[in-house]
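The values are calculated or read from the model by the stated rules, or taken from the named source; none is laboratory data. Predicted model only: the values in this text are computed from it and were never measured. Backbone-built Cβ (ideal geometry, glycine too); neighbour counts: all protein chains shown. Accessible surface is based on the protein model in full, side chains and every heavy atom, while ligands, DNA and RNA are left aside. Shrake-Rupley method; radii C 1.70, N 1.55, O 1.52, S 1.80 Å.
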Amino acid sequence: MHYPRYNTLKRTVTFSLFLFFAVSLSAAESADGKQLLMDSCSNCHQIDMPNKASLTLQEKINRKGPPLYFAGHKYQQAWLENWLQHPRRITPSGGNYWANAVVVTDEGDEIDENKLTAHIAVNQQQAIAITQYLLTLKPFPDLIREGEYTPGKVPRMLAAKDFRKFKGCVACHRDEEGFGGVTGPELYTAMKRLTPEYIASYIRNPTAWEPRSLMPNSHLNDAPIYKLMNYLNIIVEDLP
Amino acid sequence: MNSVNRITSFFLLAVTLYSLSVTAQAESGITGKSLYQAYCSQCHGLYGDGFGVNSYDIDVAPRDHTDAGEMNARTNEDLFKAIKFGGKSVNKSPLMPNWDGNLDDQEINLIIKHLRKICCEGGQ
């Protein structure tokens, strides 16, 4: 709506992608994806849209993994396909309720590494089928503004200061390996993992995605959100 | 004047009904302690002593909520403001977030009761 030219481009791309998948992936394989998810993943992940809008705190605490029912808006396809075959930790405290992995010590609260478990991996074929299905899950279209973000330049020192000191994101998120908070997902990989539209939308209003998100709403306008995203763009380049 | 008054009272009635309906939605079984542990202990610590898992890489230490002296120096209104609108609203660090997007007033008040317990009544 805001970017008509982008949308035309997108429609063309979507159509060619459609042609590509129509020949390379049968409908049966995408159905396989759903079956695999129900069999191997739904124990820990919410796959189907919940039939009520609210999520209680107790339900959030009991979750064994992040919800996947809006995965189609959230993940980048290449990252998802690859990660499912070679999963590695994203949230230093485990990615379910953060306190599950935390022990109180004389030195202060710490993560007990013994309480963190490795994520199940799938083979390439399964990863493709699962990704294919997950990327169809796109509820809440109102929360997404397609093509809203155009990368811009920002001086690294200032941007880091903004992320860490002024906006306080580093309290809960790492912006480099080993530095930052542990209860939120690492953000130095965010630009590889997540779609820019989702990142912008989540920062704008975390509880619109998850009523019991543990992330505060900083009431940021577009400009400061894009500035933070420009910083995420810088730090993703540090990855090996 | 009269019609203005009527509009005002209608508005007040609407607000009251709305807040009643919000009150009625409060999650059953929720406690100040469970809210505090989920949202606040990330930084302030599971025991409220300021040594949460997120406290290590930030420039300002989260307040020790078991420090009776510091906590007694603050009224419930001070605490409410700091929690709802964040550290900046009480001239403290922005590293203390605003929770208005996550917690309703009733939940904040439950948390304040819990804070009073852990600072000054030896409870946890």
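Some notes on this structure:
- Its residues counted as N, the stretch A:132-240 yields a C-alpha radius of gyration over 2.2 N^0.38 Å of 1.05.
- Spin-label pair A:LEU220-A:GLU146: with each label point 7 Å from Cα along the Cα-Cβ axis, the two points sit 2.5 nm from one another.
- When you restrict to C-alpha pairs under 8 Å that are six or more residues apart and normalise by the size of chain A, the relative contact order lands at 22 percent.
- Three-way shape call for the stretch B:31-120 based on the alpha-carbon gyration tensor, with the a/c threshold at 1.5: rounded
- Cα-based shape type of the stretch A:33-98, given that a ≥ b ≥ c are square roots of the gyration tensor eigenvalues and the cut on a/c is 1.5: oblate
- Rolling a 1.4 Å probe over the protein chains gives B:SER34 an accessible area of about 30 Å².
- Projected label distance in nm at A:LYS165 and B:THR31, using a 7 Å step from Cα toward the beta-carbon: 4.1 nm
- Chain A shape via C-alpha gyration tensor axes, a/c threshold 1.5: oblate
- Debye log10 I(q)/I(0) at q = 0.22, 0.24, 0.26 Å⁻¹ for the stretch A:143-200, Cα point scatterers: -1.01, -1.11, -1.18
- Relative contact order computed over the stretch A:142-240 (Cα-Cα under 8 Å; 6+ residues apart), in percent: 33 percent
- Solvent accessible area, Å² - B:LEU110, 1.4 Å probe, full protein context: 60 Å²
- Residues listed by number, the stretch A:141-155, amide nitrogen under 17 Å from A:ASP238 label point at 7 Å toward C-beta: A:154-155
- Selection from A:SER201, A:PHE179, A:THR189, by position along the positive dipole direction of the stretch A:142-240 (Cβ): A:PHE179
- Gain upon complete extension [A:ASN123, A:ASN51; 0.36 nm per residue less C-alpha separation]: 22.8 nm
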